[in-house]
Amino acid sequence: MSATTLFGLCGALLVGVGIYGLVVNPQPLRKILSFNLIGSGVFLLFGVVARRGAALGMGGDPVPQALVITGIVVAFSATALAVALLLRLHDVSGTASLTTKESPEPSDT
Amino acid sequence: MNMAPLVDGSLVVLILAVAIWTIAVRDSFAAVVGYAIYGLMLALAWVRLAAIDAALTEAAIGGGLTGVLLIRAAVRLRPTESVVAGDSPAWFVKALAAVLAGAVSLALAVVVLTLPEPAPTLAPQVAEHIASTGLGNAVTAVLLAFRATDTLLEAVVLVFALIAVWSLAPDRFWGGRPGQHYHLEANGMLAYLARLLPPLGIVVAIYVFWVGADLPGGKFQAGTLLAAMWLLAIMAGLTDVPEVRLVWVRIALVTGSAVFLVIGFAGVPFAGAFLAYPEGYAKPLILIIEAASMLSIAVTLALLVLGPPERRGQS
């Protein structure tokens, strides 16, 4: 199996692990973490596509590589916003739970 | 003997193991520490994929800054995390989640295994036009010349994210200082490091920025490094976070996007298109944009980590 296929499958599995964690973990902080796992899996798939496009002495197609760099920075800013929302929820309500006592429906993040 | 498959195989196993651990471990603090380690190992995967620019960004932002951000949050949430952990969903929800996750992974795996041969690539087009930018690093050329709109919008997104974070401040603290006050422990290890590392870190950041034109590196990586040095000095108590109402803070935040926009619009009369560079001036203009963006990125990233204002300024 080639290295690109191997890392591609790794990215595919990371997305799955992230989705599972996003649904199953009740703590919002863990959901944010899981969401970042999904994101990093998608970025890794970009890296695989870039690597397969290696040509003319370049180690990979620079366009997807540049998109990934942009993506990593934007993912960080979204994470920072999510954490700020969570900490505010914690300050206002004294808890960081997404569920209410009456309806134990886990709400979406 | 070729060791590459062994290295790649072990790396993939480690990455997946740490990823599973971060979602399975009970203690949230342990999970976020695991995530920081995961970011660093992912950076190694980027090296194996010959994407050194992405590896530097992942190590600095994915492992470093996101790690600091999440660890700070985990410490503050610690008292409630174990209580909230009791809201764990029922077994059938878990089973459905597993089926969903498995299906998505499977679909992506099929896509990976059936990617077209030969792989489509834009590398020849980049190689053909890179001479016109005067740059040697193809990734920097894409970021600041061929796809400069993406990079401009990204700089704006960072500022918007910070505005959104600040607007979560309670009314009484609006315009004040973000985060808690860190007390200086004059002879502590942290204060020692915070005096020792920033001079080195700043030099390395400027180097990473400067070589970014021709070699892996650039404004994001350098800006993140500067942000880290500033955060280190703040967390060691050597300096305090500025009040967010200060004019220089606001100017520092928007300089990068403003310079980018001005040069972008100047391209309309001088080069015939928005964000086009006049012949022969591409490299100096790109360096000006990068220098301004690096400073704005450094200030924005550090303030994003510190969060909304939580203290009134003492002025």
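The values are calculated or read from the model by the stated rules, or taken from the named source; none is laboratory data. As the structure is a computational prediction, the values presented were derived from the model and not from experiment. A quick note on method: Cβ atoms are made from the backbone with ideal geometry, for glycine too, and the neighbour counts reach across all protein chains shown.
One table, with the values for the structure above:
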| quantity | calculated |
| --- | --- |
| Residue among B:Val104, B:Val157, B:Val112, B:Val84 that is within 22 Å of the chain's Cα centre (by Cα), part of a helix (DSSP H, G or I) and either within 24 Å of A:Leu14 (Cβ to Cβ) or hydrophobic (A, V, I, L, M, F, W, C) (or both) | B:Val157 |
| Residue list for the range B:284-315, restricted to those being farther than 30 Å from B:Ile263 by Cα and not acidic (Asp, Glu) | B:Leu306, B:Gly307, B:Pro308, B:Pro309, B:Arg311, B:Arg312, B:Gly313, B:Gln314, B:Ser315 |
| Total residues in the range B:1-47, condition at the interface with another protein chain (Cβ under 7 Å from one of its Cβ atoms) and among the aromatic types (Phe, Trp, Tyr) | 2 |
| Residue in the range B:224-242 that is buried (at least 17 other Cβ atoms within 10 Å of the Cβ), small (Gly, Ala, Ser) and in contact (Cβ under 8 Å) with a residue 60 or more places away in the chain present | yes |
| All positions within the range B:189-215 that are surrounded by fewer than 21 Cβ atoms within 10 Å (Cβ to Cβ), in contact with a helix residue (DSSP H, G or I) (Cβ under 7 Å, 6 or more places away or on another chain) and not in a helix (DSSP H, G or I) | B:Ala213 |
| Residues within the range B:122-176 that are of a type in the set (Gly, Ala, Ser) and away from chain A (no Cβ under 11 Å), tallied | 6 |
| Failed criterion for A:Val74 (all others in (1) crowded, with 22+ Cβ neighbours inside 10 Å; (2) modelled with pLDDT of 90 or more; (3) within 15 Å of the chain's Cα centre (by Cα) hold) | (1) |
| Whichever residue in the range B:137-150 is in a helix (DSSP H, G or I) and in contact (Cβ under 8 Å) with a residue 40 or more places away in the chain and, among such residues, is farthest from B:Ala51 (Cα to Cα) | B:Thr149 |
| The listed residue being over 30 Å from B:Gly212 (Cβ atoms) and within 7 Å of chain A (Cβ to nearest Cβ), out of B:Ala54, B:Ala109, B:Ala95 | B:Ala109 |
| Search result, residues across the range A:55-66 that are more than 7 Å from chain B (Cβ to nearest Cβ) and either surrounded by fewer than 24 Cβ atoms within 10 Å (Cβ to Cβ) or touching a residue at least 60 places away in the same chain (Cβ under 8 Å) (or both) | A:Gly57 |
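Residue-by-condition table, conditions (1) in contact with a Leu (Cβ under 6 Å, 6 or more places away or on another chain); (2) within 28 Å of B:Glu81 (Cβ to Cβ); (3) not hydrophobic (A, V, I, L, M, F, W, C):
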residue: A:Arg51; (1), (2), (3): yes, no, yes
residue: A:Pro64; (1), (2), (3): no, no, yes
residue: A:Ser77; (1), (2), (3): yes, yes, yes
residue: A:Arg88; (1), (2), (3): yes, yes, yes
residue: A:Ser93; (1), (2), (3): no, yes, yes
